[in-house]
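Written out below as C-alpha coordinates is the structure these notes cover.
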Amino acid sequence: MDVKIESSWKKVLKPEFEKDYFVKLTDFVRNEYKTKLTFPPASLIFNAFDQCSFDQVKVVIIGQDPYHGDGQAHGLCFSVNDGVAFPPSLLNIFKEIERDLGKPMPTSGNLIRWAQQGVLLLNASLTVQAHLAGSHQGKGWETFTDAVIHKLATEKEHLVFMLWGSYAQKKGEFIDSNRHLVLKSVHPSPLSAYRGFIGNNHFSLANKYLNEKGEKEINW
(Lines give C-alpha, C1' and ligand atoms only; values in the text may rest on other atoms or scores of the structure.)
Protein backbone atom coordinates (compact mmCIF):
# COMPACT_ATOMS: atom_id res chain seq x y z
CA MET A 1 0.00 0.00 0.00
CA ASP A 2 1.37 3.41 -0.92
CA VAL A 3 1.20 5.72 2.09
CA LYS A 4 2.29 9.34 1.70
CA ILE A 5 4.72 9.69 4.58
CA GLU A 6 8.30 10.94 4.96
CA SER A 7 10.74 8.50 3.32
CA SER A 8 12.71 7.31 6.39
CA TRP A 9 9.45 6.49 8.18
CA LYS A 10 8.10 4.81 5.05
CA LYS A 11 11.06 2.45 5.09
CA VAL A 12 10.81 1.68 8.82
CA LEU A 13 7.02 1.25 8.86
CA LYS A 14 6.57 -0.52 5.54
CA PRO A 15 5.62 -3.86 7.19
CA GLU A 16 2.74 -2.12 9.03
CA PHE A 17 1.25 -0.71 5.84
CA GLU A 18 0.85 -4.24 4.44
CA LYS A 19 -1.02 -5.63 7.48
CA ASP A 20 -4.77 -6.34 7.44
CA TYR A 21 -5.57 -3.92 10.26
CA PHE A 22 -3.91 -1.04 8.40
CA VAL A 23 -5.74 -1.80 5.16
CA LYS A 24 -9.06 -1.79 7.09
CA LEU A 25 -8.04 1.40 8.91
CA THR A 26 -7.24 3.10 5.61
CA ASP A 27 -10.66 2.18 4.20
CA PHE A 28 -12.37 3.49 7.35
CA VAL A 29 -10.42 6.77 7.36
CA ARG A 30 -10.95 7.34 3.64
CA ASN A 31 -14.70 6.89 4.09
CA GLU A 32 -14.77 9.27 7.10
CA TYR A 33 -13.09 12.03 5.09
CA LYS A 34 -15.54 11.48 2.24
CA THR A 35 -18.69 11.49 4.38
CA LYS A 36 -17.94 13.55 7.52
CA LEU A 37 -15.95 16.58 8.58
CA THR A 38 -12.75 15.00 9.88
CA PHE A 39 -9.59 16.46 11.41
CA PRO A 40 -6.76 17.15 10.78
CA PRO A 41 -6.93 17.99 7.06
CA ALA A 42 -6.20 14.75 5.17
CA SER A 43 -2.85 16.01 3.88
CA LEU A 44 -1.67 16.49 7.49
CA ILE A 45 -2.55 13.07 8.96
CA PHE A 46 1.16 12.11 9.00
CA ASN A 47 2.45 15.64 9.68
CA ALA A 48 4.25 14.58 12.90
CA PHE A 49 6.32 12.14 10.82
CA ASP A 50 6.83 14.51 7.89
CA GLN A 51 8.20 17.24 10.18
CA CYS A 52 10.51 14.90 12.12
CA SER A 53 12.21 12.04 10.27
CA PHE A 54 12.96 8.71 11.98
CA ASP A 55 16.67 9.51 12.00
CA GLN A 56 16.07 12.92 13.55
CA VAL A 57 13.93 11.83 16.55
CA LYS A 58 15.40 12.76 19.95
CA VAL A 59 12.27 13.25 22.07
CA VAL A 60 8.85 11.56 21.86
CA ILE A 61 5.73 13.14 23.36
CA ILE A 62 2.62 10.96 23.31
CA GLY A 63 -0.88 12.46 23.09
CA GLN A 64 -4.22 10.73 22.71
CA ASP A 65 -6.52 12.27 20.11
CA PRO A 66 -6.27 15.16 17.65
CA TYR A 67 -8.15 18.30 18.68
CA HIS A 68 -11.69 18.09 17.35
CA GLY A 69 -12.48 21.83 17.15
CA ASP A 70 -12.44 23.76 13.86
CA GLY A 71 -9.00 24.82 12.66
CA GLN A 72 -7.05 23.42 15.63
CA ALA A 73 -5.53 20.06 14.65
CA HIS A 74 -2.66 19.91 12.19
CA GLY A 75 -1.17 16.50 12.88
CA LEU A 76 1.08 17.19 15.89
CA CYS A 77 -0.09 16.30 19.40
CA PHE A 78 -0.86 19.26 21.70
CA SER A 79 -0.04 21.70 18.85
CA VAL A 80 -2.43 24.16 17.18
CA ASN A 81 -2.14 26.27 14.07
CA ASP A 82 -0.78 29.81 14.26
CA GLY A 83 -3.40 32.25 15.47
CA VAL A 84 -5.48 29.62 17.31
CA ALA A 85 -6.05 30.18 21.05
CA PHE A 86 -4.02 27.83 23.26
CA PRO A 87 -6.10 24.85 24.46
CA PRO A 88 -5.87 24.39 28.26
CA SER A 89 -3.35 21.50 28.18
CA LEU A 90 -1.04 23.40 25.83
CA LEU A 91 -1.27 26.47 28.03
CA ASN A 92 -0.17 24.36 31.01
CA ILE A 93 2.74 22.94 28.99
CA PHE A 94 3.91 26.49 28.27
CA LYS A 95 3.43 27.43 31.95
CA GLU A 96 5.72 24.57 32.99
CA ILE A 97 8.34 25.55 30.40
CA GLU A 98 8.20 29.11 31.74
CA ARG A 99 8.56 27.86 35.33
CA ASP A 100 11.20 25.20 34.51
CA LEU A 101 13.38 27.10 32.04
CA GLY A 102 12.41 30.73 32.54
CA LYS A 103 11.25 31.04 28.94
CA PRO A 104 8.42 33.52 28.33
CA MET A 105 5.04 32.36 27.02
CA PRO A 106 5.25 32.02 23.20
CA THR A 107 2.93 33.89 20.86
CA SER A 108 1.99 30.80 18.84
CA GLY A 109 0.91 27.31 19.87
CA ASN A 110 2.30 25.85 16.65
CA LEU A 111 4.87 23.25 17.76
CA ILE A 112 6.39 22.61 14.33
CA ARG A 113 9.38 24.48 15.79
CA TRP A 114 9.85 21.55 18.21
CA ALA A 115 9.24 18.86 15.57
CA GLN A 116 11.95 20.31 13.36
CA GLN A 117 14.45 19.97 16.22
CA GLY A 118 13.69 16.27 16.70
CA VAL A 119 10.55 16.13 18.86
CA LEU A 120 8.04 13.55 17.59
CA LEU A 121 4.61 14.82 18.64
CA LEU A 122 2.65 11.59 18.34
CA ASN A 123 -1.06 11.16 18.97
CA ALA A 124 -2.30 7.62 19.66
CA SER A 125 -5.08 8.17 17.10
CA LEU A 126 -4.17 10.28 14.08
CA THR A 127 -7.68 11.32 13.02
CA VAL A 128 -10.97 12.33 14.64
CA GLN A 129 -14.48 13.28 13.55
CA ALA A 130 -15.18 16.99 14.05
CA HIS A 131 -16.58 17.87 17.49
CA LEU A 132 -16.60 14.22 18.59
CA ALA A 133 -13.68 13.35 20.88
CA GLY A 134 -12.44 9.78 20.66
CA SER A 135 -14.55 9.00 17.59
CA HIS A 136 -11.71 7.21 15.76
CA GLN A 137 -10.43 5.25 18.74
CA GLY A 138 -10.37 1.47 18.42
CA LYS A 139 -10.20 1.53 14.61
CA GLY A 140 -6.55 0.56 14.27
CA TRP A 141 -4.62 3.76 14.84
CA GLU A 142 -3.49 2.62 18.30
CA THR A 143 -1.97 -0.55 16.82
CA PHE A 144 -0.10 1.56 14.29
CA THR A 145 1.21 4.07 16.83
CA ASP A 146 2.22 1.24 19.21
CA ALA A 147 4.34 -0.09 16.33
CA VAL A 148 5.88 3.38 15.86
CA ILE A 149 6.86 3.58 19.55
CA HIS A 150 8.18 0.02 19.44
CA LYS A 151 10.39 0.79 16.42
CA LEU A 152 11.79 3.89 18.13
CA ALA A 153 12.37 2.13 21.45
CA THR A 154 14.12 -0.91 19.94
CA GLU A 155 15.99 0.55 16.97
CA LYS A 156 17.26 3.79 18.51
CA GLU A 157 19.12 4.64 21.71
CA HIS A 158 19.10 7.53 24.19
CA LEU A 159 15.69 8.94 23.31
CA VAL A 160 13.59 10.91 25.78
CA PHE A 161 10.00 9.67 26.13
CA MET A 162 7.58 12.06 27.85
CA LEU A 163 4.60 10.07 29.12
CA TRP A 164 1.98 12.39 30.56
CA GLY A 165 -1.05 10.75 32.15
CA SER A 166 -2.04 7.11 32.56
CA TYR A 167 -2.96 6.61 28.89
CA ALA A 168 0.50 7.60 27.60
CA GLN A 169 2.20 5.68 30.41
CA LYS A 170 0.33 2.49 29.51
CA LYS A 171 1.21 2.98 25.85
CA GLY A 172 4.90 3.30 26.70
CA GLU A 173 5.13 0.75 29.50
CA PHE A 174 7.41 -1.61 27.50
CA ILE A 175 10.12 1.04 26.87
CA ASP A 176 13.49 0.05 28.35
CA SER A 177 14.45 2.79 30.79
CA ASN A 178 18.08 1.60 30.78
CA ARG A 179 18.26 2.46 27.10
CA HIS A 180 16.15 5.64 27.08
CA LEU A 181 15.08 8.38 29.49
CA VAL A 182 11.43 7.76 30.37
CA LEU A 183 9.81 10.79 32.04
CA LYS A 184 6.38 10.26 33.62
CA SER A 185 3.92 12.62 35.24
CA VAL A 186 0.21 13.40 35.35
CA HIS A 187 -1.38 14.92 32.24
CA PRO A 188 -1.16 18.69 31.63
CA SER A 189 -4.96 19.01 31.45
CA PRO A 190 -6.54 21.44 33.94
CA LEU A 191 -7.96 18.45 35.84
CA SER A 192 -4.51 17.24 36.86
CA ALA A 193 -1.84 19.81 35.92
CA TYR A 194 -1.46 21.15 39.47
CA ARG A 195 -1.19 17.63 40.90
CA GLY A 196 2.28 17.12 39.47
CA PHE A 197 2.57 18.32 35.89
CA ILE A 198 3.49 21.84 36.92
CA GLY A 199 6.81 21.26 38.64
CA ASN A 200 7.79 18.02 36.82
CA ASN A 201 10.90 19.66 35.26
CA HIS A 202 10.59 17.42 32.20
CA PHE A 203 11.93 20.01 29.78
CA SER A 204 15.14 20.72 31.69
CA LEU A 205 15.60 17.00 32.46
CA ALA A 206 15.25 16.17 28.76
CA ASN A 207 17.85 18.76 27.79
CA LYS A 208 20.25 17.61 30.52
CA TYR A 209 20.00 14.01 29.24
CA LEU A 210 20.45 15.03 25.59
CA ASN A 211 23.48 17.08 26.61
CA GLU A 212 25.00 14.13 28.46
CA LYS A 213 24.53 11.95 25.37
CA GLY A 214 26.25 14.50 23.12
CA GLU A 215 23.01 15.64 21.45
CA LYS A 216 21.92 19.22 20.88
CA GLU A 217 19.36 20.46 23.40
CA ILE A 218 15.81 21.30 22.31
CA ASN A 219 14.98 24.99 22.28
CA TRP A 220 11.60 24.66 24.00
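The values are calculated or read from the model by the stated rules, or taken from the named source; none is laboratory data. For clarity, every value in this text was computed on a predicted model and none was experimentally measured. Don't worry about glycine lacking a Cβ; one is built from the backbone with ideal geometry, like all the others, and counts go over all protein chains shown. The area values use the complete protein model at the heavy-atom level, side chains included, leaving out ligands, DNA and RNA. Shrake-Rupley method; radii C 1.70, N 1.55, O 1.52, S 1.80 Å.
Out of all the residues in the range 88-97, is one or more modelled with pLDDT of 95 or more, in a loop (DSSP other than H, G, I, E, B) and not hydroxyl-bearing (Ser, Thr, Tyr)? No; the residues of the range 88-97 include none that is modelled with pLDDT of 95 or more, in a loop (DSSP other than H, G, I, E, B) and not hydroxyl-bearing (Ser, Thr, Tyr). Any chance the range 83-96 includes a residue that's of a type in the set (S, T, N, Q) and either touching a Ser or Thr at 6+ places or on another chain (Cβ under 7 Å) or crowded, with 19+ Cβ neighbours inside 10 Å (or both)? Checked the range 83-96: at least one residue is of a type in the set (S, T, N, Q) and either touching a Ser or Thr at 6+ places or on another chain (Cβ under 7 Å) or crowded, with 19+ Cβ neighbours inside 10 Å (or both).
Can you find a residue in the range 105-121 that is open to solvent by less than 60 Å² (accessible area, probe 1.4 Å), in contact with a Cys (Cβ under 6 Å, 6 or more places away or on another chain) and more than 20 Å from Lys213 (Cα to Cα)? Yes. Is it true that Val23 is β-branched (Val, Ile, Thr), within 23 Å of Ser135 (Cα to Cα), surrounded by fewer than 17 Cβ atoms within 10 Å (Cβ to Cβ) and touching a Lys or Arg at 6+ places or on another chain (Cβ under 8 Å)? No; evaluated as a whole, the condition is false for this residue.
When the range 1-37 is filtered for residues that are among the basic types (Lys, Arg), over 21 Å from Ala73 (Cβ atoms) and within 19 Å of the chain's Cα centre (by Cα), only Lys10 remains.
Here Phe46 fulfils each of the conditions (1) open to solvent by less than 20 Å² (accessible area, probe 1.4 Å); (2) touching a residue at least 24 places away in the same chain (Cβ under 8 Å); (3) within 27 Å of Val182 (Cβ to Cβ) apart from (1). Right, Ala130: of a type in the set (Gly, Ala, Ser), touching a helix residue (DSSP H, G or I) at 6+ places or on another chain (Cβ under 9 Å) and open to solvent by less than 60 Å² (accessible area, probe 1.4 Å) or not? Considered against the rule, which asks whether it is of a type in the set (Gly, Ala, Ser), touching a helix residue (DSSP H, G or I) at 6+ places or on another chain (Cβ under 9 Å) and open to solvent by less than 60 Å² (accessible area, probe 1.4 Å), Ala130 comes out as no. From the list Leu183, Leu163, the one residue that fits, being more than 23 Å from Phe86 (Cα to Cα) and part of a strand (DSSP E or B), is Leu183. State all residues of the range 1-20 that are open to solvent by less than 40 Å² (accessible area, probe 1.4 Å) and either of a type in the set (Lys, Arg) or in a loop (DSSP other than H, G, I, E, B) (or both); if no residue qualifies, say none. Passing the criteria: Val3, Ile5. Of all residues in the range 140-149, none are part of a loop (DSSP other than H, G, I, E, B), more than 19 Å from Lys11 (Cβ to Cβ), out of contact with any Phe, Trp or Tyr (no Cβ under 7 Å at 6 or more places or on another chain) and not hydrophobic (A, V, I, L, M, F, W, C). Filtering the range 165-208 to residues that are open to solvent by 30 Å² or more (accessible area, probe 1.4 Å), in contact (Cβ under 8 Å) with a residue 24 or more places away in the chain and of a type outside the set (Val, Ile, Thr) leaves Tyr167, Phe174, Arg179, Leu181, His187, Pro190, Gly199, Asn201, Ser204, Leu205.
In the range 11-28, the residues that are closer than 17 Å to Ala42 by Cβ reach residues that are part of a helix (DSSP H, G or I) and open to solvent by less than 50 Å² (accessible area, probe 1.4 Å) with C-beta atoms within less than 6 angstrom, at least six apart or across chains, in these pairs: Phe22/Glu16.
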